[in-house]
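The values are calculated or read from the model by the stated rules, or taken from the named source; none is laboratory data. These figures come from a predicted structure and were not determined experimentally. With ideal geometry, Cβ positions are generated from the backbone for all residues, glycine too; neighbour counts draw on all protein chains shown.
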Amino acid sequence: MIEKKRNLWDWTNSINRGIIYVIIGIVVILPILLGLKEEVQISPSVSSAYETIESLDSNDVIIISIDYDPASMPELQPMLKAILRHAFEKDVKVIMLVFWPLGLPIGTEGLEEVAKEYGKVYGEDYVNLGYRPGDRAVMIDMGKEIRNFFRTDVNDILLDSHPMMRNVHNYNDIALIVGLEAGRFGEFWVQYVGSRYNQRIVLGVTGVMAAETYPYLQSGQIEGLIGGLKGAAEYETLIEKPGFGLTGMAAQSWAHIAIVMFIIIGNIGYFMTRRK
Amino acid sequence: MKKRVPLVITFVTGFIVIISFFIPHRPFGPLETDTLIWYSIILGFTLLIGVDSLVRLHVRQMRRRKAGWWYSIVFFAGFFYCLVIGIMSVIRTPNPFQPGTIFFYGYKTILIPLQSTMFALLAFFVASASYRAFRARTLEATLLLVAAVIVMIGRVPAGYKLWTRLPGIANWIFNVLQMGAMRGIMIGVALGAVAMSLRLILGIERTYLS
């Protein structure tokens, strides 16, 4: 049997996946190791998220909902830190709660880290309510009384013993909800809390979820949308505190270029081999 | 009796939740609160059913020595680690996930790297799949290919450096073309959910009883 000799076009039409993996690995790792930072253009959706938090008064109370786990951490953790920095900078008080049980430690770590940076005091400037099962049920009933589901905080301390919680009972006392989402809970916030209680909402979602969340922004059901690592990088730019979002953006930028180059090479190979 | 009781429970709870949306006053408001708390408690117990099912599955696999049965040993190692260390941490502190606890240490050194690694692998698969799938074989495939390339490049800083108007075009694809299709899908799904909910509440749909 005579083996057909592979020419350049055959090769470009079927590049070994190992080569693709190695090149993607290099373009992702190198920018992070070198600490490269890319300048990002601010999109209207992130700008409106920023403006919403910027419009809050000091002592306003916001809820940050941690609805993600370590798998989505590279995209959503920079968002959490950037939003917390913005909120604490403005002396806005923060209540954190969690609907993904595995999100509790990373949320707590982010909250404690940023609170320490700004010298904030637990119970006076921020409170961590922890995890409760029941997502939609919890969201709806918090509109009547937060204590129906969160009688105590994550450390089993009664909510009323925290000075900042004494006058916070339901959504009437909450200026904004920020949902950081890797699943469907962002939709639940909009459908069960936004529509029923007229609550202002800003969502931060993973890159793949941005497409399905955009309609809520256009219809005005949410006031801002931070999409993926790019959104996090934009927010870091807006608050002038560069973090992992901007570093990760350089890696993402080069990875996208590499993928597009592979697509172009593949198509050239496809057309040249088809001609023959 | 076996069928009537669940049907009555479904009808009554569904009715209470719908009515209390429009009339959030006594007696419907407090009734809704109770219903939602029950839902949360029942949801907590469903975790136990999940654990039971998972343990049974792995015990069965180990007994029958099915292919890859030794992965079940890894499962049991992780399961008992979480159970024992979790209970120990709960006894010591109200929040076992508190930084500094042994449970948190396991979470940080085992779970975070494992989950992050699994998710990071997607980058390699997406790159390889994009190279193979995005071929201009037909007109539709070509349109998909062009849109994908514009969005991929337009959404990163390199796109702006390449051509300043590229991010605008990518946003237009996102905000107009994509959004129209997505909104249609979402409205369709919502109408389907309303219809299915009504069928469940009125007892027309009974497959959940079997």
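Suppose we filter the range B:12-35 for residues that are within 13 Å of chain A (Cβ to nearest Cβ) and in a helix (DSSP H, G or I); how many remain?
Count: 15.
Which one of these is crowded, with 16+ Cβ neighbours inside 10 Å, farther than 30 Å from A:Glu113 by Cα and hydrophobic (A, V, I, L, M, F, W, C): B:Ile85, B:Ile41, B:Ile37, B:Ile49?
Of B:Ile85, B:Ile41, B:Ile37, B:Ile49, the one residue that is crowded, with 16+ Cβ neighbours inside 10 Å, farther than 30 Å from A:Glu113 by Cα and hydrophobic (A, V, I, L, M, F, W, C) is B:Ile37.
Which one of A:Gly143, A:Gly110 is over 23 Å from A:Phe88 (Cα atoms), in contact (Cβ under 8 Å) with a residue 24 or more places away in the chain and touching a helix residue (DSSP H, G or I) at 6+ places or on another chain (Cβ under 7 Å)?
Exactly one of A:Gly143, A:Gly110 is over 23 Å from A:Phe88 (Cα atoms), in contact (Cβ under 8 Å) with a residue 24 or more places away in the chain and touching a helix residue (DSSP H, G or I) at 6+ places or on another chain (Cβ under 7 Å), namely A:Gly143.
I'd like the full set of residues that are within 12 Å of chain B (Cβ to nearest Cβ) and surrounded by fewer than 19 Cβ atoms within 10 Å (Cβ to Cβ), limited to the range A:42-73.
A:Ile42, A:Pro44
Kindly provide the set of residues from the range B:137-174 that are farther than 30 Å from A:Arg275 by Cα and in contact with a Phe, Trp or Tyr (Cβ under 7 Å, 6 or more places away or on another chain), ordered by number.
B:Leu166, B:Pro167, B:Phe174
Specify which of the listed residues (B:Leu202, B:Leu162) is more than 26 Å from the chain's Cα centre (by Cα) and under 28 Å from A:Glu39 (Cβ atoms).
It is B:Leu162.
Looking at B:Ile91, is it farther than 30 Å from A:Pro105 by Cα, surrounded by fewer than 16 Cβ atoms within 10 Å (Cβ to Cβ) and among the β-branched types (Val, Ile, Thr)?
For B:Ile91, the condition - farther than 30 Å from A:Pro105 by Cα, surrounded by fewer than 16 Cβ atoms within 10 Å (Cβ to Cβ) and among the β-branched types (Val, Ile, Thr) - is not met.
Yes or no: A:Arg196 surrounded by fewer than 20 Cβ atoms within 10 Å (Cβ to Cβ) and either under 19 Å from the mean Cα position of the chain (by Cα) or without any contact (Cβ under 8 Å) to a residue 12 or more places away in the chain (or both)?
When the stated conditions are applied, A:Arg196 does not pass them.
Restricting the search to the range A:1-31, which residues are modelled with pLDDT of 90 or more and either surrounded by fewer than 14 Cβ atoms within 10 Å (Cβ to Cβ) or of a type in the set (Ser, Thr, Tyr) (or both)?
A:Asn16, A:Gly18, A:Ile19, A:Tyr21, A:Val22, A:Ile26, A:Ile29, A:Leu30
Go through the range A:113-133 and give me each residue that's buried (at least 18 other Cβ atoms within 10 Å of the Cβ) and either over 21 Å from A:Val168 (Cα atoms) or out of contact with any Leu (no Cβ under 9 Å at 6 or more places or on another chain) (or both).
Within the range A:113-133, A:Val114, A:Lys120, A:Asp125, A:Pro133 meet the criteria.
Where in the range A:1-66 are the helices (runs of 4 or more DSSP H), entirely inside, with at least 3 residues that are within 24 Å of the chain's Cα centre (by Cα)?
Because the criterion is at least 3 residues that are within 24 Å of the chain's Cα centre (by Cα), the helices (runs of 4 or more DSSP H) in the range A:1-66 that meet it are A:17-34, A:44-54.
Evaluate the following for A:Glu223: is it of a type outside the set (A, V, I, L, M, F, W, C), surrounded by 24 or more Cβ atoms within 10 Å (Cβ to Cβ), in the same structural domain as A:Tyr118 (by TED's automatic domain parsing) and touching a residue at least 24 places away in the same chain (Cβ under 8 Å)?
Answer is no for this residue.
Could you give me the residue pairs with C-beta distances under 8 Å whose first residue belongs to the range A:72-86 and is assigned by TED's automatic domain parsing to the domain that holds A:Glu236 and more than 13 Å from A:Glu240 (Cα to Cα), whose second residue is among the acidic types (Asp, Glu) and surrounded by 24 or more Cβ atoms within 10 Å (Cβ to Cβ) wherever it lies, and which are 6+ apart or on separate chains?
Pairs found: A:Leu76/A:Glu181; A:Pro78/A:Glu236.
I want to confirm something. Restricting to the range B:137-158 and keeping residues that are under 16 Å from A:Ile263 (Cα atoms) and either in contact (Cβ under 8 Å) with a residue 24 or more places away in the chain or facing chain A (nearest Cβ under 9 Å) (or both), which single residue is surrounded by the most Cβ atoms within 10 Å (Cβ to Cβ)?
Top of the filtered list is B:Ile153.
Which is in contact (Cβ under 8 Å) with a residue 40 or more places away in the chain, under 28 Å from A:Lys116 (Cα atoms) and touching a Phe, Trp or Tyr at 6+ places or on another chain (Cβ under 8 Å), of A:Ile95, A:Ile63?
Exactly one of A:Ile95, A:Ile63 is in contact (Cβ under 8 Å) with a residue 40 or more places away in the chain, under 28 Å from A:Lys116 (Cα atoms) and touching a Phe, Trp or Tyr at 6+ places or on another chain (Cβ under 8 Å), namely A:Ile95.
What single numbered condition from (1) of a type outside the set (Ser, Thr, Tyr); (2) within 27 Å of A:Ile32 (Cα to Cα); (3) surrounded by fewer than 21 Cβ atoms within 10 Å (Cβ to Cβ) fails to hold for A:Arg184?
For A:Arg184, the failing item is (2).
When you scan the range A:1-12, do you find a residue that is of a type in the set (D, E, K, R), at the interface with chain B (Cβ under 10 Å from one of its Cβ atoms) and farther than 30 Å from A:Ile146 by Cα, even just one?
No, the range A:1-12 has no match at all.
Tell me, which residue of the range B:117-136 that is in contact with a Gly (Cβ under 8 Å, 6 or more places away or on another chain) and either farther than 16 Å from A:Val27 by Cβ or in contact (Cβ under 8 Å) with a residue 12 or more places away in the chain (or both) is farthest from the other protein chains (Cβ to nearest Cβ)?
B:Arg132
How about the range B:36-83: which of its residues are part of a helix (DSSP H, G or I), away from chain A (no Cβ under 14 Å) and among the aromatic types (Phe, Trp, Tyr)?
Passing the criteria: B:Tyr71, B:Phe75, B:Phe76, B:Phe79, B:Phe80, B:Tyr81.
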